[in-house]
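K.L.:
Take a look at the following structure, please.
The values are calculated or read from the model by the stated rules, or taken from the named source; none is laboratory data. Since the model is a prediction, treat every value here as computed from it, not as a measurement. In this analysis, Cβ positions are derived from the backbone assuming ideal geometry, glycine residues included, and neighbour counts consider all displayed protein chains. Note: areas computed on protein heavy atoms with side chains; ligands, DNA, RNA excluded. Shrake-Rupley method; radii C 1.70, N 1.55, O 1.52, S 1.80 Å.
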Amino acid sequence: MQRTDYLYFHSIPTRWVDNDVYGHVNNINYYSFFDTVIGHYLITEGGLDYRNSPIIGLCVESQCQFQREIAFPDVVEAGLRVAKIGNSSVRYEIGLFTENETKPAARGYFVHVFVNREQRRPVPVPDRIRSALSQLASSNSAD
């Protein structure tokens, strides 16, 4: 996977506190970067009102492969694409890049199931979100 395989990017500055005792961003933060790029896209492009929407996305599965270190003060350029949209779920693929790099420092996936906020039961992906996600759909899925 390369930078050109991703269709949407969001920049996320690292913070001093993100580094661990080994001098690089701790692995747990990579999932936060995944969640941030997805959330940003759903809010800005899909119209998600995360505070009030009766339908929300819950993560049911995620995975990350680490290729090389990221360290403060790097800015993470999180790339996003959609591998699959189902009736109530979506599988995102994410690549985390640093400036001027064409290969990701990490890549992974994240699966949302859209549910009713109150009952937590699966519901169809809302039309506006489905339309936004379709813009990122790729026929070349890679695990």
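K.L.:
Tell me, rounded to the nearest percent, the portion of alpha carbon pairs in the range 1-69 spaced more than 21 Å apart.
P.N.:
38 percent
K.L.:
Moving to a separate point now. Cα centroid distance between the range 35-72 and the range 86-103, in Å?
P.N.:
Answer, in whole Å: 10.
K.L.:
May I ask you to give the solvent-accessible area per residue for the range 12-143, in square angstrom, as obtained with a 1.4 angstrom probe?
P.N.:
Value returned for the range 12-143: 54 Å² of accessible area per residue.
K.L.:
Next up: Just to be sure I understand: with springs between alpha-carbon atoms less than 10 Å apart, which residue in 22, 109, 30 has the highest mean-square fluctuation in the Gaussian network model of the chain?
P.N.:
22
K.L.:
If a paramagnetic tag sat 7 Å from the Cα of residue 87 along the Cα-Cβ line, which residues of the range 49-63 would have the backbone N under 20 Å from that point?
P.N.:
The answer is 55-61.
K.L.:
Of the accessible area of the range 22-122, with the probe set at 1.4 angstrom, what percent is carbon plus sulfur?
P.N.:
46 percent
K.L.:
Modelling each spin label as a point 7 Å along the Cα-to-Cβ direction, I'd like the residue 127/residue 55 distance in nm, to one decimal.
P.N.:
1.0 nm
K.L.:
Just to confirm the number: angle between the C-alpha axis of helix 28-44 and the first principal axis of the chain, 0 to 90 degrees, nearest 10?
P.N.:
Tilt of helix 28-44: around 50 degrees.
K.L.:
Taking 7 Å along the Cα-to-C-beta vector as the label spot, tell me the residue 99-residue 27 distance in nanometres, rounded to one decimal.
P.N.:
2.9 nm
K.L.:
Output ³J(HN,Hα) for the range 77-90: one whole-Hz value per residue in order, computed from phi by the Karplus curve 6.51 cos²θ - 1.76 cosθ + 1.60 with θ = phi - 60°, and x for Gly and Pro.
P.N.:
Coupling constants for the range 77-90: 9, 8, x, 9, 8, 10, 8, 7, 10, x, 5, 10, 10, 9 Hz.
K.L.:
Another question, then. So how many Å³ per residue does the convex hull of the Cα atoms of the chain work out to?
P.N.:
Output value, Cα hull per residue: 109 Å³.
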